[in-house]
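Chemist: One structure coming up, written as structure tokens, with questions to follow.
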Amino acid sequence: MYKIVSARFLAPDIKKFEVEAPKIAIKRKAGQFVIIRLNDEGERIPLTIADSNPDSGTITIIVQGIGKTTKELNTLNAGDSILDVVGPLGKSSHIENFGTAVSIGGGVGTAIAYPTAVALKHAGNHTISIIGGRTKEYVILEDEMKSVCDEVYPTTDDGSYGFHGFVTQKLQELIDSGTKIDFVLAIGPIPMMKAVADVIKPYNIKTVVSLNPVMVDGTGMCGGCRATVDDKTVFVCVDGPEFDAHKVDFSTLERRNRTYQTFEKKALETHQCRLENIKVEAPEKTIA
């Protein structure tokens, strides 16, 4: 059992957990993930390690409650436990001094981009972050990004905060203004990552995306997480999760991610969510 040390909401349906996992905390690197299981009957779900503290033996995960399991996870609080936490899994981010590195996070994707942004800064890059949300309350980890990035640009779809528009529009604005960009990391919904790749392609800028397909065992045995990259089949759990954005077949990836939508919908319909009876206070902007 893995004890939850702290838990609190950063935005509606987005919750930050610190979990005791000392062996993982010591070994994890930017870009890697864990697979968790809440109980004996639960499904296994992959979650990126947003941060870790080897001294306290904890890892940080940030969860958006979308399906049955993530909604159940978001009902847990400090003192509760998770049955299984397996990791660190996957290859770590490739880090070097590219020059100017842009990290783009859409919604909870910001939590996945954050550890790589930290590593890019430590490698000597001039770091820029573009973080997006549907509305102001969904822009997360802005203060954390500001602590490690030279420039941070929040964006909202509705214009309620920061730049009014999509992260891709802000990226294009930076390019049009003459900003020299040497590397781009984009993490978020599949359409967002594809859109970033399309914007960047004419400029021949190295661009990486982190994929989150259907995943079961995390060791390359089940084949559930296969994707097509550079016209070849890869297993995201062991070959990734990060890949060259210009070589990913996003259309096939999106179709595969919809495979179990009907089953997920039925599971969610039978799930009695305790969060509906919990009033969530306005989240603070920082995570201590």
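The values are calculated or read from the model by the stated rules, or taken from the named source; none is laboratory data. Not measured: the values here are computed from a predicted model. When we count neighbours, we look across all protein chains shown, and the Cβ atoms used for this are built from the backbone with ideal geometry, even at glycine. The area values use the complete protein model at the heavy-atom level, side chains included, leaving out ligands, DNA and RNA. Shrake-Rupley method; radii C 1.70, N 1.55, O 1.52, S 1.80 Å.
Chemist: (1) open to solvent by less than 30 Å² (accessible area, probe 1.4 Å); (2) closer than 19 Å to ILE4 by Cβ: which one isn't true of SER81, the others all being true?
Modeler: (1)
Chemist: Against the condition buried (at least 18 other Cβ atoms within 10 Å of the Cβ), of a type outside the set (Phe, Trp, Tyr) and either free of Cβ contacts under 8 Å to residues at least 60 places away in the same chain or not in a strand (DSSP E or B) (or both), how does ALA30 come out, does it pass?
Modeler: Judged against the criteria, ALA30 is a match.
Chemist: Using beta carbons and a limit of 6 Å, which pairs, at least six apart or on different chains, have the first residue in region 165-186 and in a helix (DSSP H, G or I) and at pLDDT below 95 and the second one open to solvent by 20 Å² or more (accessible area, probe 1.4 Å) and of a type outside the set (A, V, I, L, M, F, W, C)?
Modeler: That search, which allows pairs on different chains as well, returns nothing.
Chemist: Here's another thing I want to ask about it. Cβ-Cβ under 9 Å, sequence separation 6+ or interchain: first residue in region 140-158 and in a helix (DSSP H, G or I), partner of a type in the set (Val, Ile, Thr) and surrounded by 22 or more Cβ atoms within 10 Å (Cβ to Cβ). Which pairs?
Modeler: Going by the 9 Å Cβ cut-off, the qualifying pairs are GLU142/THR110; GLU142/ILE131; GLU144/THR110; MET145/THR110; MET145/THR127; MET145/ILE131; VAL148/THR127.
Chemist: Please determine whether any residue of region 61-70 is buried (at least 20 other Cβ atoms within 10 Å of the Cβ), at positive phi and not basic (Lys, Arg).
Modeler: no
Chemist: Out of (1) touching a helix residue (DSSP H, G or I) at 6+ places or on another chain (Cβ under 8 Å); (2) under 15 Å from LYS3 (Cα atoms); (3) at pLDDT below 90, the odd one out for GLY107 is which?
Modeler: Only one criterion is unmet by GLY107, namely (2).
Chemist: Restricting the search to region 84-97, which residues are within 13 Å of ARG37 (Cα to Cα), open to solvent by 20 Å² or more (accessible area, probe 1.4 Å) and not small (Gly, Ala, Ser)?
Modeler: ASP84, VAL86
Chemist: Would you point out which residue out of ASP13, ASP51 is under 28 Å from ILE104 (Cα atoms), within 15 Å of the chain's Cα centre (by Cα) and surrounded by fewer than 19 Cβ atoms within 10 Å (Cβ to Cβ)?
Modeler: Selected residue: ASP13, the only one of ASP13, ASP51 that is under 28 Å from ILE104 (Cα atoms), within 15 Å of the chain's Cα centre (by Cα) and surrounded by fewer than 19 Cβ atoms within 10 Å (Cβ to Cβ).
Chemist: Then there's this: Looking at region 216-235, can you tell me whether even one residue there is touching a residue at least 40 places away in the same chain (Cβ under 8 Å), in a strand (DSSP E or B) and either under 23 Å from GLY67 (Cα atoms) or open to solvent by less than 70 Å² (accessible area, probe 1.4 Å) (or both)?
Modeler: no
Chemist: Scan region 247-263 and report the pairs whose first residue is under 13 Å from VAL236 (Cβ atoms) and open to solvent by 60 Å² or more (accessible area, probe 1.4 Å) and whose second residue is at pLDDT 85 or above and outside any helix (DSSP H, G or I), with Cβ atoms within less than 8 Å and a gap of 6+ or a chain change.
Modeler: ARG256/ARG226; ARG256/ALA227
Chemist: Out of the residues in region 16-27 that are surrounded by fewer than 19 Cβ atoms within 10 Å (Cβ to Cβ) and among the basic types (Lys, Arg), which is farthest from the chain's Cα centre (by Cα)?
Modeler: LYS23
Chemist: Can you tell me which residue is farthest from THR48 (Cα to Cα) among those in region 188-215 that are within 16 Å of the chain's Cα centre (by Cα), surrounded by fewer than 20 Cβ atoms within 10 Å (Cβ to Cβ) and touching a residue at least 60 places away in the same chain (Cβ under 8 Å)?
Modeler: Per the criteria, the residue is PRO191.
Chemist: Would you mind stating whether THR100 is modelled with pLDDT of 95 or more and crowded, with 17+ Cβ neighbours inside 10 Å?
Modeler: Yes; evaluated as a whole, the condition is true for this residue.
Chemist: Further, regarding this structure: Please state which one of ASP143, ASP150 is closer than 29 Å to LYS27 by Cα and at pLDDT 95 or above.
Modeler: Result: ASP150 is the single residue among ASP143, ASP150 that is closer than 29 Å to LYS27 by Cα and at pLDDT 95 or above.
Chemist: Please determine, by comparing only the residues of region 33-44 that are part of a strand (DSSP E or B) and without any contact (Cβ under 8 Å) to a residue 60 or more places away in the chain, which one is surrounded by the fewest Cβ atoms within 10 Å (Cβ to Cβ).
Modeler: The extreme case among them is ARG37.
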